[in-house]
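Laboratory data are not the source of any read-out in this text; all were calculated from the coordinates shown. From a predicted model like this one, the values you see are computed outputs, not experimental measurements. For neighbour counting, all protein chains shown are included, and Cβ atoms are generated from backbone atoms with ideal geometry for every residue, glycine included.
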Amino acid sequence: MTTTFPATFPQGFLWGGAIAANQIEGAFDKDGKGLSIQDVMPDGLQTSPTESPTEDNLKQVGIDFYHRYAEDIALFAEMGFKVFRFSIAWSRIFPQGDEEIPNEDGLAFYDRVLDELERHGIEPLVTISHYETPLHLARAYNGWTSRKLIGYYERYCRTLFERYGARVRYWLTFNEINSVLHFPFMSGGIPTPKDELSQQDLYQAIHHELVASARATRLAHEVMPHAQVGCMIIAMPVYPLTPDPSDVVAAMHSAHASYAFGDIHCRGKYPGYLLRHFRENGITLDITAQDREDLENTVDFVSFSYYMSTCETADPSKKLKGKGNLLGGVPNPTLEASEWGWQIDPQGLRVVLNDYWERWQKPLFIVENGIGAMDRLVEANGTKTVLDDYRIDYINDHLVQAREAVADGVNVLGYTTWGCIDLVSASTAQMSKRYGFIYVDRNDDGTGTLERYPKKSFDWYRTVIATNGAMLQ
Ligand code: BG6
């Protein structure tokens, strides 16, 4: 018997866009919301956190999604979105993170967002924790280094599942969970500076997050039998810089660092290569019998962000030659980069999709992909817009490779572009690093009307969705 795979995207493919609460909502202290770690990160990852919130933090206002969500969701509907990925700000629901009673005003806001999505027939995809740990949990407990956060996170999850469970099918436990290896404060709410944080404490924090993720998965299945729960990781294929077998092994080691998170989420236990890393580095984790049982609650699907690949080498002198991409490594001499130095590699997306599918045999969801660029608002046919052909090219080329992966037999559930509307950048906290199909009139100095203007890519993406990707070339 011969099996044929579709040469296009499957029927029901979930097309859409993605954002995170702290990068768009604003209203950082409204209606009982507590502070999150983002409120002391006015420069993203560029400088150390501040003591208290400062007014130069663009995230205090974001793009004012808190008040303009209806207008924005209507624009997403105009593009034909089937799905919208957004995060819930933990500190809107539990302002400090460790209270017993949630903040009703915070819960009511997401009711309104869900109402609006329902009105337009858009499926919600909810990230439970997206780089916005309540600041109190960071400061009072040193973030996820403390086992107590498992319980606080579980209480938060239960609150969300009971409140929104009938309306939300797709849930992601932690955004880019593997990024805690690189950004312990933004990702794990751990204030200890990275160079002072021991491997022991870092991996204990990771263990707590993994247990919390597994417990959330079990709880989701109990409270909402129809729910689909996914992990979310930064996907960044690591290529050997040369065919030298030592470079291949160096690439393998580097890839293991991220694979571990997917392996544990999909197989329910620690992989051998990570146990070896613990043994050889004197890391002894506190793992209880209950933890081991909890970890067996594996995810239903794997979601990931994909922006770039990287290279690795065993030759230290070559490592000095460039900064590499977001998670390190060395730059690929064959690839171009974005204005922010992120190397562009559409074929890497096909590689990741095949690789993850073969490794985990779980449905995959591409929940972030896009290009941050310096857009220019111009007047065309009497309206203001942005002629962002570079964005169209970028997304087209990545989707063509996703389509190739579907033809390879990979099960892909959907695709949500990152920053479907302009928002504040996570790493640099700039407005000028724009990703959207919709331009938002706000500048790095905080000026601007907050007016929305569809870009050229807006109409293009609408056609991509309307043709279920058939028009991609
Ligand atoms: C991902 C994050 O790392 O990349 C998002 O999940 C982030 O929060 C996105 O915005 C793009 O990164 P940046 O730094 O350009 O905003």
Notebook entry, point to check: Does G121 meet the test of being closer than 28 Å to Y453 by Cα, more than 16 Å from the ligand (Cβ to nearest atom) and not in a helix (DSSP H, G or I)?
Noted result: yes
Notebook entry, point to check: Only one of (1) away from the ligand (no atom under 13 Å from the Cβ); (2) buried (at least 19 other Cβ atoms within 10 Å of the Cβ); (3) polar (S, T, N, Q) fails for Q347. Which number is that?
Noted result: (2)
Notebook entry, point to check: Counting just the residues of region 330-350 that are charged (D, E, K, R) and in a loop (DSSP other than H, G, I, E, B), which one comes out nearest to I366 (Cα to Cα)?
Noted result: D345
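For region 403-429, what are the residues that are within 8 Å of the ligand (Cβ to nearest atom) and either of a type in the set (S, T, N, Q) or touching a helix residue (DSSP H, G or I) at 6+ places or on another chain (Cβ under 9 Å) (or both)? Lay out the reasoning, then the answer.
Let us first name the residues in region 403-429 that are within 8 Å of the ligand (Cβ to nearest atom), namely 418-419, 423-428.
Correct list: G419, L423, V424, S425, A426, S427, T428.
When residues of region 248-303 are filtered for being of a type in the set (S, T, N, Q) and touching a helix residue (DSSP H, G or I) at 6+ places or on another chain (Cβ under 6 Å), how many remain? Spell out how you get there, then give the answer.
To start, the set of residues in region 248-303 that are of a type in the set (S, T, N, Q) comprises 254, 258, 281, 284, 288, 290, 297-298, 303.
Add one more test, that the residue is touching a helix residue (DSSP H, G or I) at 6+ places or on another chain (Cβ under 6 Å), and what stays is 258, 281, 297-298.
So the count comes out to 4.
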Checklist line | Hits in region 279-306 - residues which are crowded, with 16+ Cβ neighbours inside 10 Å and away from the ligand (no atom under 16 Å from the Cβ) | finding: I283, D291, D294, L295, N297, T298, V299, D300, F301
Notebook entry, point to check: Identify, please: which residue in region 90-118 is of a type in the set (A, V, I, L, M) and touching a Phe, Trp or Tyr at 6+ places or on another chain (Cβ under 9 Å) and is, among those, surrounded by the fewest Cβ atoms within 10 Å (Cβ to Cβ)?
Noted result: I101
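Given H265, H256, which one is closer than 18 Å to S187 by Cβ, in contact with a Leu (Cβ under 9 Å, 6 or more places away or on another chain) and more than 16 Å from the ligand (Cβ to nearest atom)?
Details: H256 fails: closer than 18 Å to S187 by Cβ.
The conditions single out H265.
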Check: So is Y131 among the hydroxyl-bearing types (S, T, Y), under 22 Å from the mean Cα position of the chain (by Cα) and either assigned to a loop (DSSP other than H, G, I, E, B) or within 16 Å of the ligand (Cβ to nearest atom) (or both) or not?
Finding: yes
